[in-house]
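Report on one structure; see the data block that follows.
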Amino acid sequence: MARPRQFDESAALETIVRQFWARGYGATSVRDLEAATGIGMTSLYNAFGGKREVFRSALEHYSERRTRECLREIERLPSPAERIRLFVTHVTEAALGDPDRMGCLVINTAIELGPHDPEIAAIVAGYLAEVETFFRRNFEAAQRAGEADQSVSAADAARAFSALMFGLRVLARTRPHRATMEGAARPLLGLLQSAEATPSSPAGRGDEIRVQKEEQNE
């Protein structure tokens, strides 16, 4: 009978995420992961596999905790235009609230490994496609609700919003200035019309989601 694991896998993955996030894939060794988690190399391999498999698990954990959970919460808002605005605000605030300028693990990985690692590039592309799908679905819904410019292709708007999100995380690593980042977002947000305020979508709702995400990052 296999022995039960003597560590919290989710907590270990969070520590592993932070190691790869801070140093990148190439500069992080299995010894670094062992030291950071306090878990022996054999136990790490038994739980996750080799370094590459550990990294893939870390990417999945990061995407689930940092992106998908946020999007699921945002999708509860009744206004599709407000969903888009709130996600843009969330990414902007996350980038500005990044004192170590670590950026986004997925984007960092795309830059570090994407050009020469087709398998990792495909995994990253899948994560980025999830964000683009969110924008396209909600921009189309906003157009149907009269909350978005009807003359703009929803597919093009989704690509533009996605490029903005990823660009903001890169920009914040060198120029984390609010005026610059909000100015970059303003033209695209101008495609959205203001929806009437509803009890479930005041500004405070965005604050609540941002607080939840900030608590996860502590």
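The values are calculated or read from the model by the stated rules, or taken from the named source; none is laboratory data. A quick note: this is a predicted structure, and the numbers were derived from the prediction, not measured. Positions of Cβ are generated from backbone atoms using ideal geometry, with glycine treated the same way; all protein chains shown enter the neighbour counts.
For the stretch 88-100, which positions are among the acidic types (Asp, Glu) and assigned to a loop (DSSP other than H, G, I, E, B)?
Residues satisfying the conditions are Asp98, Asp100.
For the stretch 135-150, what are the residues that are of a type in the set (S, T, N, Q) and closer than 18 Å to Ala163 by Cβ?
Asn138
Give the residues of the stretch 143-169 that are charged (D, E, K, R) and closer than 15 Å to Thr133 by Cα, sorted by residue number.
Within the stretch 143-169, Asp156, Arg159 meet the criteria.
Would the stretch 170-179 turn up any residue that is closer than 23 Å to Glu73 by Cβ and either of a type in the set (Lys, Arg) or at pLDDT 95 or above (or both)?
The answer is no, given that none of the residues of the stretch 170-179 is closer than 23 Å to Glu73 by Cβ and either of a type in the set (Lys, Arg) or at pLDDT 95 or above (or both).
Quick one: Asn108 ticks every box in (1) modelled with pLDDT of 95 or more; (2) more than 16 Å from the chain's Cα centre (by Cα) bar one, so which box is it?
Of (1) modelled with pLDDT of 95 or more; (2) more than 16 Å from the chain's Cα centre (by Cα), only one is false for Asn108: (2).
Take Glu208 and tell me if it is within 18 Å of the chain's Cα centre (by Cα) and either modelled with pLDDT of 95 or more or closer than 23 Å to Thr109 by Cβ (or both).
In short, no.
For (1) among the hydrophobic types (A, V, I, L, M, F, W, C); (2) touching a Leu at 6+ places or on another chain (Cβ under 7 Å); (3) more than 19 Å from Leu13 (Cα to Cα), each residue gets a yes or a no:
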residue: Ser29; (1), (2), (3): no, no, no
residue: Gly38; (1), (2), (3): no, no, no
residue: Thr42; (1), (2), (3): no, no, no
residue: Arg52; (1), (2), (3): no, no, no
residue: Glu60; (1), (2), (3): no, no, no
residue: Glu64; (1), (2), (3): no, no, no
residue: Arg72; (1), (2), (3): no, no, yes
residue: Pro80; (1), (2), (3): no, no, yes
residue: Ile84; (1), (2), (3): yes, yes, yes
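Would you be able to say whether some residue in the stretch 46-57 is of a type in the set (S, T, N, Q), more than 30 Å from Ala141 (Cα to Cα) and surrounded by fewer than 16 Cβ atoms within 10 Å (Cβ to Cβ)?
Looking through the stretch 46-57, at least one residue is of a type in the set (S, T, N, Q), more than 30 Å from Ala141 (Cα to Cα) and surrounded by fewer than 16 Cβ atoms within 10 Å (Cβ to Cβ).
For Phe139, state whether it is without any contact (Cβ under 8 Å) to a residue 60 or more places away in the chain and not assigned by TED's automatic domain parsing to the domain that holds Glu34.
yes
Consider the stretch 111-134. How many of its residues are polar (S, T, N, Q) and under 11 Å from the mean Cα position of the chain (by Cα)?
So the count comes out to 0.
What pairs come out if I take residues in the stretch 150-161 that are outside the structural domain of Thr133 (by TED's automatic domain parsing) and at positive phi and pair them with residues that are aromatic (Phe, Trp, Tyr) and exposed (fewer than 13 other Cβ atoms within 10 Å of the Cβ) whose C-beta lies under 7 Å away, six or more apart or interchain?
Note: no pairs meet the criteria.
Looking at the stretch 135-142, is at least one residue under 17 Å from the mean Cα position of the chain (by Cα), under 14 Å from Arg85 (Cβ atoms) and either of a type in the set (Lys, Arg) or at pLDDT 95 or above (or both)?
yes
Quickly run through the stretch 71-84 and pick out the residues that are in a helix (DSSP H, G or I) and buried (at least 22 other Cβ atoms within 10 Å of the Cβ).
Pro80, Ala81, Glu82, Arg83, Ile84
Only one of (1) closer than 18 Å to Arg169 by Cα; (2) touching a residue at least 40 places away in the same chain (Cβ under 8 Å); (3) surrounded by 15 or more Cβ atoms within 10 Å (Cβ to Cβ) fails for Arg101. Which number is that?
Unmet condition: (3).
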